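Encoded as structure tokens, the structure appears first; notes follow it.
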Amino acid sequence: MSLIRRIDLRGAGTASVDYRASVPRAEFDVEAAAHQVRPILDAVRTRGVEAIVELSAQFDGVDRDDITVPREALDRALAELDAGVRAALEESVRRLRVTCEAELEQDVTTSLGEGATVTHRKVPVDRVGLYVPGGLAPLVSSVVMNVVPAQVAGVRSIALASPPQKNSGGLPEPTILAACALLGVHEVYAVGGAQAIAMFAYGAGPCARVDLVTGPGNIYVAAAKRELRGVVGIDSEAGPTEIAILADDTADAAYVAADLVSQAEHDPMAASVLVTDSLRLADEVDAELDKQVFATRHTERIRTALTGRQSGVVLVDDVEQGLEVVNAYAAEHLEIHTRDAGAVAARVRNAGAVFVGPWAPVSLGDYCAGSNHVLPTAGCACHSSGLSVRAFTRSVHVVHYTRDALAEVADHVTTLAEAEDLPGHGQAVTVRFDR
């Protein structure tokens with residue numbers, strides 16, 4: 001019996017089929033979780049650090065009165081970091097910084113006539129709160145993915161929060177602390193979950209409120225972001241991670257299976273989806289999964305994810321139909337294992353990140369590709385982008401007109417003001433020429 005179910009869409013290419021609904025995702029009811037997080041948010045808003053300490057004891061089993069991570073703990077974590085891990089982090093930082101610097105936008109000034117200019121200015125957010133989850137795995141790479149674009153954007157004040165761990169003396173995981181020290185981030189808090197998002201949004205104790213919160217987290221973090229949107233800016237409401245692979249009969253079944261497994265390793269709710277027009281490949285991937293899943297460290301977690309309703313092998317008539325399916329699904333991560341993979345990838349419209357060919361697995365993007373792994377999930381890639389320098393900047397239009405330039409359009413302004421029955425708008429122009 002196959003570990004992963006099959007969804008047969010062959011023959012549906014000429015019918016009116018909702019491909020997005022044909023490939024279901026994990027149940028992720030943020031609204032239901034919102035009812036649970038509202039009291040948490042209110043407690044932090046009204047009682048600050050006192051509430052955070054109580055919530056850390058309740059949810060993390062940690063009794064610690066001070067939510068601030070001491071500077072000496074950061075320095076010690078970096079000093080004790082395995083040399084190989086440090087070298088890998090440094091290379092990850094270097095590659096991501098290069099791509100972030102390349103996408104940093106410059107101010108653009110447009111002349112609309114003699115004495116009339118509009119400058120499109122990019123301004124960094126003043127202060128950000130970055131969330132790095134603990135949970136099933138200490139995601140040290142998420143420190144890099146959040147901090148580097150914020151630094152390149154020019155953010156002046158960066159705070160980071162990660163859940164306290166019982167086995168770390170009530171501090172976040174040492175590798176996370178080491179990455180913070182490596183990047184020069186010294187304002188770090190041992191706070192997790194919805195209470196961390198509330199701390200950033202409202203401010204609590206030593207943590208001043210921030211303007212923007214970024215970073216992935218569990219359903220309670222997503223619910224807190226939804227509730228606090230407007231109080232504070234957010235990047236996205238990240239759901240369970242997901243991979244889609246579009247493959248034909250040229251794909252290597254062992255590679256495809258390994259990539260499905262790698263994503264399932266994140267979480268029992270992670271989605272692993274293969275879209276293929278090759279029944280032979282589907283069968284070979286099934287056989288590979290039987291071998292690979294039971295040879296891994298996290299077999300039960302992976303098996304749960306692969307057998308869940310959110311995962312599956314989708315059979316299509318051809319790559320053309322496969323493209324329609326993956327564009328409708330709008331995966332967080334999309335791999336292309338087909339003939340002319342570059343040309344096929346160029347036709348992808350909806351994906352958080354696209355990985356082209358057999359030598360670009362998603363795990364490369366998780367760590368050292370130079371891309372960012374904080375990406376839209378749950379189909380949001382059809383309207384949202386992954387984390388980048390742009391997320392940490394704002395656009396401001398700076399308008400400069402001389403007297404003559406204003407005079408050139410004054411009649412148009414007063415005419416449109418009258419059309420909207422806003423005569424005061426027109427008067428604000430004409431008063432400048434009445435004396």
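FYI, it's all coordinate maths here, none of it is from the lab. In this text the structure is predicted, and so the values were computed from the model without any measurement. Don't worry about glycine lacking a Cβ; one is built from the backbone with ideal geometry, like all the others, and counts go over all protein chains shown.
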Within the stretch 82-114, DSSP-loop trypsin sites (Lys or Arg not before Pro) with at most 13 other C-beta atoms within 10 Å are none
Give me the number: length gained by fully extending R156 to A32, i.e. 0.36 nm times residue separation minus the C-alpha to C-alpha distance, one decimal in nm.
-> 41.0 nm
Of the trypsin sites (Lys or Arg not before Pro) in the stretch 124-225, which ones lie in a loop per DSSP and count no more than 13 other C-beta atoms within 10 Å?
-> R156
Full extension between D126 and N167 adds, at 0.36 nm per residue less the Cα distance, a length in nm of 11.3 nm
Label-point separation, A57 to R309 (7 Å along Cα→Cβ), nm = 3.9 nm
C-alpha center-to-center spacing [the stretch 62-98, the stretch 299-356] in angstrom | 34 Å
Quick one: helix 219-228 against the long Cα principal axis of the chain, what's the angle to the nearest 10°, folded into 0 to 90?
-> 10 degrees
Neighbour-count order for D60, D65, fewest beta carbons within 10 angstrom listed first | D65, D60
Can you give the extra length, in nm with one decimal, that the chain gains between R86 and R5 once fully stretched, where that is 0.36 nm per residue apart less the Cα-Cα distance?
-> 25.2 nm
If r is the Cβ-Cβ distance from R76 to T430 and R0 is 51 Å, what FRET efficiency results, to the nearest 0.05?
-> 0.15
Pull up the DSSP beta bridges for the chain and report the antiparallel fraction as a percent, rounded to 5.
-> 30 percent
Ordering of 230-239, 306-315 by burial proxy (mean other Cβ atoms within 10 Å per residue, highest first) = 306-315, 230-239
Does anyone have the angle between helix 140-153 and the longest principal axis of the chain? Alpha-carbon axes, 0 to 90°, nearest 10?
-> 20 degrees
Just one of (1) -0.26, -0.87, -1.03, -1.34; (2) -0.27, -0.95, -1.14, -1.54; (3) -0.32, -0.91, -1.02, -1.23 is log10 I(q)/I(0) by the Debye sum over Cα atoms at q = 0.06, 0.11, 0.12, 0.14 Å⁻¹ as worked out from the coordinates here. Which one is it?
-> (3)
Return M199, M145 ranked ascending by Cβ neighbour count within 10 Å, so the fewest neighbours appear first.
-> M145, M199
Collect residues whose amide H, placed 1.01 Å from N in the peptide plane, falls under 5 Å from the amide H of R6; neighbours closer than 5 in sequence don't count.
-> V313
F294 versus A254, label points 7 Å from Cα toward the beta carbon: distance in nm?
-> 1.9 nm
1/(1 + (r/R0)^6) with r = Cβ-Cβ of T109 and D421, R0 = 30 Å, i.e. FRET efficiency to nearest 0.05, evaluates to 0.30
The stretch 328-435, relative contact order [Cα under 8 Å, separation at least 6], % | 20 percent
With -39,500 (n - 2.57) per DSSP H segment of 4 or more residues and division by the full residue count of the chain, the 222 nm estimate, nearest 500 deg cm²/dmol, is -13500 deg cm²/dmol
Of D340, D277, D421, D211, how do they rank once you tally other Cβ atoms within 10 Å and put the fewest first?
-> D421, D340, D211, D277
Whole Å is fine, so just give me how far the alpha carbon centre of the stretch 365-435 lies from that of the stretch 197-261.
-> 28 Å
With R₀ set to 25 angstrom, the calculated FRET efficiency between the beta-carbons of T68 and V231, to the nearest 0.05, is 0.65
